[in-house]
Amino acid sequence: LPTLESINIVFRVKGSPLPVVRWFKDGEELKPGDGIKIEALPDGTNRLTIDKAKIADQGNYRVEATNPAGSMSSKAPLSVQAPETLKIKKPLQDVTTEKGTKILLSVEVEGKPKTVKWYKGTEQVTITSTTKIEQVSDAEYKLVVENCEMTDAGAYRVVLSTESESVESRCTVTVKEKEVKVSLPSFKKGLNDQAVPKGQALVLEVEVEGQPKKVKWYKAGNELKDAKTEDLGNGKYRLTVPDFKDSDVGEYSVTAENDVGEVESKAKVNVCGLLY
């Protein structure tokens, strides 16, 4: 029998007068107390109860019935098995991941837990459309969170229990914002040389890929800080010079910059009919 279970040994006797019954373990008479209960009922039923049996309770048991006509006895061995202990074989590991990815927590245990409970902080984890609790094998248990959010970060633990003991493992889950991979900007549409009639507007447009942080316009190497520049969205940028005149002739350039680096596009702009 496993430990912590109650044991009942029943012995029925007949005779006149009704025999007196005594119980023995390994040759020593048993007395009530310390988890042992002895009952003798008027119908001749005698019962020995051992409450929450322990390893020390195993041995050779004998019951003896005696009256003036004589005595008789019966015996039997009793084995008590120690409970299988629980031991964490492979504990939870800390996890660092990005928002939108999968969180996978795994624990391996020696022994056979009757219950396995997962916690985030002090709250027990429940199954949802994105949260799954799995028993992979007799030894391995998993908690899976699909498409994780920032709120899924925190302290996690798993508690594995039998009737007699519990073991647990803990870990920390860190969820970071998803990193955007930044590449060097490039001009999908760059500047082209052109000639503009006097008095009309010069309009220069570029289209940039690569998420530039800064786009700057220049004429002859000097930044046009006071010029009319526009961010048109979707990577498109525009420089407008109204009422184009001779003094506006020259080389124009635009730079696009981010953390990776900087690119440049150039063009020569002239007045119609003039060479530059």
*Output the qualifying pairs, or none if there are none: Cβ atoms under 6 angstrom, residues six or more apart or on different chains, first residue in segment 111-131 and outside any loop (DSSP other than H, G, I, E, B), second residue of a type outside the set (D, E) and modelled with pLDDT under 95.*
T115/S161
*Consider A195 carefully, then state whether it is touching a Cys at 6+ places or on another chain (Cβ under 6 Å), more than 30 Å from I103 (Cα to Cα) and either surrounded by 12 or more Cβ atoms within 10 Å (Cβ to Cβ) or basic (K, R) (or both).*
yes
*asked:* Tell me yes or no: at least one residue of segment 86-109 is farther than 28 Å from A153 by Cα and loosely packed, with under 15 Cβ neighbours inside 10 Å.
replied: no
_K117 being surrounded by 15 or more Cβ atoms within 10 Å (Cβ to Cβ), within 12 Å of the chain's Cα centre (by Cα) and modelled with pLDDT of 95 or more_ = no
_If I filter segment 169-188 down to residues being among the polar types (S, T, N, Q) and part of a strand (DSSP E or B), which single residue comes out as surrounded by the most Cβ atoms within 10 Å (Cβ to Cβ)?_
S169
*Tell me, which strands (runs of 3 or more DSSP E) wholly within segment 201-244 include 3 or more residues that are out of contact with any helix residue (DSSP H, G or I) (no Cβ under 7 Å at 6 or more places or on another chain) and within 13 Å of V263 (Cβ to Cβ)?*
202-209, 214-219
*Could you please find all residues in segment 202-222 being under 46 Å from the mean Cα position of the chain (by Cα) and either buried (at least 20 other Cβ atoms within 10 Å of the Cβ) or closer than 15 Å to K189 by Cα (or both)?*
E207, V208, E209, G210, Q211, P212, V215
*Please state which one of I38, I7 is out of contact with any Phe, Trp or Tyr (no Cβ under 7 Å at 6 or more places or on another chain), aliphatic (A, V, I, L, M) and surrounded by 13 or more Cβ atoms within 10 Å (Cβ to Cβ).*
I7
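Conditions (1) under 21 Å from Q200 (Cα atoms); (2) aromatic (F, W, Y), marked per residue:
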{"position": "W217", "(1), (2)": "yes, yes"}
{"position": "A220", "(1), (2)": "yes, no"}
{"position": "E223", "(1), (2)": "no, no"}
{"position": "K236", "(1), (2)": "no, no"}
{"position": "P242", "(1), (2)": "yes, no"}
{"position": "E251", "(1), (2)": "yes, no"}
*Any chance you could count how many residues in segment 135-150 are within 15 Å of the chain's Cα centre (by Cα) and either surrounded by 12 or more Cβ atoms within 10 Å (Cβ to Cβ) or in contact (Cβ under 8 Å) with a residue 24 or more places away in the chain (or both)?*
11
_Residue list for segment 49-66, restricted to those being part of a strand (DSSP E or B) and in contact with a Leu (Cβ under 7 Å, 6 or more places away or on another chain)_ = G59, Y61
*From the list T240, T172, T229, which residue is under 37 Å from the mean Cα position of the chain (by Cα) and hydroxyl-bearing (S, T, Y)?*
T172
*Would you pick out the residues in segment 53-94 that are touching a residue at least 60 places away in the same chain (Cβ under 8 Å) and among the acidic types (D, E)?*
E84, D94
*Taking I103 as the residue in question, decide whether it is among the hydrophobic types (A, V, I, L, M, F, W, C) and in contact with a helix residue (DSSP H, G or I) (Cβ under 8 Å, 6 or more places away or on another chain).*
yes
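The values are calculated or read from the model by the stated rules, or taken from the named source; none is laboratory data. Quantities reported herein were computed from a predicted structural model and do not represent experimental measurements. So basically every Cβ, Gly included, is an ideal-geometry build from the backbone, and we count neighbours across all protein chains shown.
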